[in-house]
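Undergrad: My structure is below; once you've seen it, I'll send some questions.
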């Protein structure tokens, strides 16, 4: 399953020659709005379809690196779960890092694999002496989100270590 998600993220990255989730959403003809209507610790973003137009809304009060993660996460929903959006539902994300459901985790794996090339992880692990938090900082991504990328890489056969001191319940299998 994660291999399929990884391959789709890589296919879209190559097709559109970008790792920027906002550019990807634009190329997919998704209307993106940034809003300050939500508090910083409130709703992070959501995606929906109205009158056959796909929308993604991102909380503009978040730091830029978190906005990129949220946009990638919502792009994951659009790409992987688009059929579910056609029935009038919306994916709303208050905390993309906990990802309690299967579709939320899949959207995070898509976002992680789209935003972060495997080669960048390997290069930064060498440069940062494999320190989880230093590598996340060097990649300009939130540490809890970096765990999704590492997990994806482990599932695909990379010999990288997951941090043992993190609460990884958000990666639990259903």
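The values are calculated or read from the model by the stated rules, or taken from the named source; none is laboratory data. Keep in mind that this is a model prediction, so the values were computed, not measured. So basically every Cβ, Gly included, is an ideal-geometry build from the backbone, and we count neighbours across all protein chains shown.
Undergrad: For residue 49, indicate whether it is at pLDDT 95 or above and either surrounded by 13 or more Cβ atoms within 10 Å (Cβ to Cβ) or at positive phi (or both).
TA: no
Undergrad: Could you list, in sequence order, all residues of the range 106-120 that are surrounded by fewer than 24 Cβ atoms within 10 Å (Cβ to Cβ), under 13 Å from the mean Cα position of the chain (by Cα) and modelled with pLDDT of 95 or more?
TA: Scanning the range 106-120 gives a single hit, 117.
Undergrad: Mind listing just one residue for me: the one in the range 121-142 that is touching a residue at least 12 places away in the same chain (Cβ under 8 Å) and under 20 Å from residue 73 (Cα atoms) and, of those, farthest from the chain's Cα centre (by Cα)?
TA: Result: 121.
Undergrad: Same structure again: Please go through the range 16-42 and give me each residue that is surrounded by fewer than 18 Cβ atoms within 10 Å (Cβ to Cβ) and out of contact with any helix residue (DSSP H, G or I) (no Cβ under 8 Å at 6 or more places or on another chain), ordered by number.
TA: Selection gives 17, 26, 29, 31, 33, 35, 36, 37, 39, 40, 41, 42.
Undergrad: Kindly indicate whether residue 103 is outside any strand (DSSP E or B) and modelled with pLDDT under 90.
TA: yes
Undergrad: Quick one: residue 93 ticks every box in (1) at pLDDT below 90; (2) surrounded by fewer than 20 Cβ atoms within 10 Å (Cβ to Cβ); (3) within 30 Å of residue 155 (Cβ to Cβ) bar one, so which box is it?
TA: All conditions are met except number (2).
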